[in-house]
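Input: a single structure, listed below in structure tokens.
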């Protein structure tokens, strides 16, 4: 991934919501999922790493693939594929994990491949509401020279009921 050392402060997005707040450019971490490109606001991304084994998390909502141990902290792995109706795919050694903030919670997403860190002019990003009022989990769509990129909003990935279910499952799995 090129230019991976760009600091989140260089991006003009809100880490809490992932929404564009103005400025000249927005930094996006681009990734491949099922042959399509997607993005996350770089302000919310903490790190990108090679895939590791994801442990099952009993009683977690179906939108959670499992849990990772990230330097001693249990981090839930969101299942982007199932949320967007993509075919399930077993984890492979070439997959990447993106660790990011989703509101106040640190989460992970397993992607086929992290691609790049790109800067997009803020006027090239259209809010999700301009496409449909039903686009949950999407902050907007960026127009790049080589196509469109859907920008995910991890803070709204889980419904309140799912967030409550995840909190209970994480509490049950926490060591005493």
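Each row is one residue, and each column tells you yes or no for (1) exposed (fewer than 13 other Cβ atoms within 10 Å of the Cβ); (2) farther than 19 Å from residue 153 by Cβ; (3) in contact with a strand residue (DSSP E or B) (Cβ under 9 Å, 6 or more places away or on another chain).
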site	(1), (2), (3)
40	no, no, yes
52	no, yes, yes
58	yes, yes, no
68	no, yes, yes
72	yes, yes, no
81	no, no, yes
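Being modelled with pLDDT of 85 or more, assigned to a loop (DSSP other than H, G, I, E, B), surrounded by fewer than 19 Cβ atoms within 10 Å (Cβ to Cβ) and under 16 Å from the mean Cα position of the chain (by Cα): is that true of residue 86 here? Spell out the reasoning first.
Details: modelled with pLDDT of 85 or more: yes; assigned to a loop (DSSP other than H, G, I, E, B): yes; surrounded by fewer than 19 Cβ atoms within 10 Å (Cβ to Cβ): yes; under 16 Å from the mean Cα position of the chain (by Cα): yes.
Yes; evaluated as a whole, the condition is true for this residue.
Would you mind telling me which numbered condition in (1) more than 25 Å from residue 50 (Cα to Cα); (2) free of Cβ contacts under 8 Å to residues at least 40 places away in the same chain; (3) out of contact with any helix residue (DSSP H, G or I) (no Cβ under 8 Å at 6 or more places or on another chain) residue 127 fails?
(2)
Assuming residue 91 fulfils every condition listed in (1) at pLDDT below 90; (2) under 18 Å from residue 137 (Cβ atoms); (3) over 15 Å from the mean Cα position of the chain (by Cα) apart from one, which condition is it?
Unmet condition: (2).
Among the residues that make up the range 158-168, is at least one of them more than 17 Å from residue 36 (Cα to Cα) and crowded, with 19+ Cβ neighbours inside 10 Å? Even if it seems obvious, please write down each step before you answer.
Of all residues in the range 158-168, those more than 17 Å from residue 36 (Cα to Cα) come to 158-168.
The next check asks that each one be crowded, with 19+ Cβ neighbours inside 10 Å; those that pass are 158, 166.
Yes, the range 158-168 contains at least one residue that is more than 17 Å from residue 36 (Cα to Cα) and crowded, with 19+ Cβ neighbours inside 10 Å.
Cβ contacts < 8 Å: first residue over 18 Å from residue 151 (Cβ atoms), restricted to the range 65-92; second residue part of a helix (DSSP H, G or I) and at pLDDT 90 or above, any location; separation 6+ or different chain. Result?
Cβ pairs passing all conditions: 67/170; 74/170; 76/166; 76/170.
The values are calculated or read from the model by the stated rules, or taken from the named source; none is laboratory data. Bear in mind that the values here come from a model prediction, so they are computed numbers and not experimental data. No Cβ is skipped: glycine too gets one built from the backbone with ideal geometry, and neighbour counts run over all protein chains shown.
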